[in-house]
Amino acid sequence: MRKLFLFLLAGFLALPIFGQSNVLNDQRTEKGFQNPVIPGYYPDPSVCRVGDDFYLVTSSFQYFPGVPVFHSKDLIHWEQIGNVLDRPSQVDLSKGGASSGIFAPTIRFHEGKYYMITTNINLMFTNKAGNFIVTADNPAGPWSDPVFIEGVMGIDPSLYWENGKMFLVWSAMNHIGFVELDSQTYQMIGEPKNIWDGDGDSSPEGPHLYKKDGYYYLLIAEGGTEMGHKVNIARSSNIDGPYTSNPANPILTQKRRDSASSILQGTGHPDLIQAADGSWWMVYLGFRDTVGKQHHLLGRETCLAPVRWDENAWPVVNGKGWVDVDMSHVQTLPQVLLPQASNKVDFKDGKKLGFEWIYTNNPVLDNYSYANNQLLLKATSVKLDDPTRTPTFVARRQTDVNCVVTTSMSMKNAKAGDRVGLTVYMESRGHYDVALIGAPDGSQQIELSYRLGEIKHVAKTVKLNSKSAVQFRIDVTNSHYAFSYSTDGKEFLPLAKMDSFFLSTETMGGFTGILFGWFAEGEAGTRAVAAIDWMDYQPGSEYKSQSAF
């Protein structure tokens, strides 16, 4: 089963009025798409359909707000409409670390109500057990405070209803657990039982139940969430088993001769959904092995595949049991395109950070404010290096293999040792930072530094002649993060290039991906403030090679 870690946090972003259409209904196509359909660190997808609308959630681990919620009309174009866990009362991410906190969620719709069930690993071994349910009348929120399911030990819970009864399946160490729940209290009725051990591979997890043609189908992932990840399925005439494995398992894996050269690898943790036209689809996670040598940076991303599911037959994924980035051959649902979102974030005219911005652990929201068309970050003595406490740090995901990130910022009230800047952040033990720092003589300088495991190093410093705003830029490719700076917003001077290999998931470990974010830190008693004017994120041309090895 996957490694157990810990952590997550809370938010101050107002929810939008949901129901207003943001789609461009006159722009439609019905053929082909590119994986991932939700790029960047958005793993463990789960999906439900209500009429012609699809709603999807993903894991969030140690970050707050938790469990992002997406909406789509076609399963291809997704818009984030909120976060399920957006209040401190809903989630405790304290005393955890990298890849802790909120594990794989499931979203379901039943009798007019939305349900999200998940695991807070930070609470797994407390009297609350860690698995909980929240509900909402609107998937955009607000969602209720959690109800914990006592006595359920394990991860990846999922719900199923039939004949007025509510059932729970989950990954219980080395098998799939099953139990009936009280539909009002969400507590167990009777004793849980083991209904399937999987197909003999490691880590049977991510179970979901479906019923079709008189059979109950149990869909799971096996093989661990790395290169050997795969999707297996079993079925039974009885909901509590015994379950019989599909002789053609795995129904999705990249560990095949034809798919071994694809940059899309590690496919698994799936959920199935039937569209209104009767077609079946699978959402699942995968990662793009763009660094090479079986290393990736962006985390596990949400992908899509068509499924053929004939009567009384086993489901077949993409006609061949494997997938790729280029899915242009697929006949899709009528595609409903979304308007092009702005790549530039600023704080003019009362604008604030959107749903996609996240904090690590439970943030101290008083350290973030808006004034004079700027976002202000109050420095504290908690550093980015601290694995269990909350630094002043807010970030967005890297969603493109190649991109350019530019920001303009200044530091106020600085004293010697204060640091405010821009970071390429994988976790507390792995990040590249470019910062303004206070010098002993009262001036400021630019410092480029890194933390890689136990190694900390200052790669370059540059003395500044003023305390005006400075622009930092990061040119990103699959192999490097190249840092530069400007004092006039026009001419950028190079600092250094950092090798992306050392921030990859396979090097640093964990379940998340790269973030770009601002931070502010200093010694005890610091009064330093990072004043952020804007950030511009520009995607570059995608990595073209289809060979990962």
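The values are calculated or read from the model by the stated rules, or taken from the named source; none is laboratory data. If you're wondering where the values come from, they're calculated on a predicted model, not measured in any experiment. So basically every Cβ, Gly included, is an ideal-geometry build from the backbone, and we count neighbours across all protein chains shown.
Descriptive notes on the structure:
- Only one of Trp322, Trp281 that is touching a Leu at 6+ places or on another chain (Cβ under 9 Å), in contact (Cβ under 8 Å) with a residue 60 or more places away in the chain and assigned to a strand (DSSP E or B): Trp281
- Test for Val307: is it β-branched (Val, Ile, Thr), in contact (Cβ under 8 Å) with a residue 60 or more places away in the chain and out of contact with any Lys or Arg (no Cβ under 7 Å at 6 or more places or on another chain): no
- Total residues in the stretch 300-313 satisfying the condition of being outside any strand (DSSP E or B) and either in contact with a Leu (Cβ under 9 Å, 6 or more places away or on another chain) or assigned by TED's automatic domain parsing to the domain that holds His480 (or both): the figure is 2.
- Close Cβ contacts (under 8 Å, 6 or more residues apart or on different chains) running from residues in the stretch 347-376 that are crowded, with 19+ Cβ neighbours inside 10 Å to residues that are part of a helix (DSSP H, G or I) comprise Asn362/Pro88.
- Tabulated pairs, the stretch 61-80, first under 20 Å from Pro387 (Cβ atoms), second among the acidic types (Asp, Glu) and in a strand (DSSP E or B), C-beta under 9 angstrom, 6+ apart or interchain: Gln62/Glu427
- Condition met for Val405 (in the same structural domain as Val476 (by TED's automatic domain parsing), of a type in the set (A, V, I, L, M), surrounded by fewer than 20 Cβ atoms within 10 Å (Cβ to Cβ) and more than 19 Å from the chain's Cα centre (by Cα)): no
- Some residue of the stretch 175-185 being within 25 Å of the chain's Cα centre (by Cα), of a type in the set (A, V, I, L, M, F, W, C) and either closer than 19 Å to Tyr55 by Cβ or buried (at least 18 other Cβ atoms within 10 Å of the Cβ) (or both): yes
- Identity of the residue in the stretch 206-239, aliphatic (A, V, I, L, M) and not in a strand (DSSP E or B), that ends up modelled with the lowest pLDDT: Met227
- Among residues of the stretch 265-309, those that are among the aliphatic types (A, V, I, L, M), within 22 Å of the chain's Cα centre (by Cα) and within 22 Å of Ala234 (Cβ to Cβ), counted: 6
- Residues satisfying the criterion are present in the stretch 186-205 (criterion: in contact with a Ser or Thr (Cβ under 7 Å, 6 or more places away or on another chain), assigned to a strand (DSSP E or B) and in contact (Cβ under 8 Å) with a residue 40 or more places away in the chain).
- Wholly enclosed strands (runs of 3 or more DSSP E) of the stretch 1-76 bearing at least 3 residues modelled with pLDDT under 80 and among the aromatic types (Phe, Trp, Tyr): none
- Only residues that are farther than 18 Å from Gly206 by Cβ and either over 28 Å from the mean Cα position of the chain (by Cα) or outside the structural domain of Gly177 (by TED's automatic domain parsing) (or both) were counted across the stretch 242-257, and they come to 5.
- Asp324 crowded, with 17+ Cβ neighbours inside 10 Å, charged (D, E, K, R) and farther than 14 Å from Trp280 by Cα: yes
- Meets criteria (assigned by TED's automatic domain parsing to the domain that holds Asp366, under 30 Å from Ser59 (Cα atoms) and at pLDDT 95 or above) for Thr487: no
- Gly82 being surrounded by 23 or more Cβ atoms within 10 Å (Cβ to Cβ) and over 17 Å from Asp44 (Cβ atoms): yes
- The stretch 206-216, residues that are within 28 Å of the chain's Cα centre (by Cα), surrounded by fewer than 22 Cβ atoms within 10 Å (Cβ to Cβ) and free of Cβ contacts under 8 Å to residues at least 60 places away in the same chain: Leu209
- Evaluated against (1) within 21 Å of the chain's Cα centre (by Cα); (2) over 22 Å from Asp52 (Cβ atoms); (3) part of a loop (DSSP other than H, G, I, E, B); (4) in contact (Cβ under 8 Å) with a residue 40 or more places away in the chain, Ser262 falls short on exactly one condition, (1).
- Only listed residue being more than 16 Å from Gly417 (Cα to Cα) and assigned by TED's automatic domain parsing to the domain that holds Val364, chosen from Gly513, Gly525: Gly513
- At least 3 residues being surrounded by fewer than 19 Cβ atoms within 10 Å (Cβ to Cβ) is the threshold, and among the strands (runs of 3 or more DSSP E) wholly inside the stretch 440-542 those reaching it are 455-463, 480-486, 493-499, 529-539.
- Selection of the stretch 507-549 for residues being acidic (Asp, Glu) and either at pLDDT below 95 or in contact with a Phe, Trp or Tyr (Cβ under 8 Å, 6 or more places away or on another chain) (or both) yields Glu523, Asp533, Glu542.
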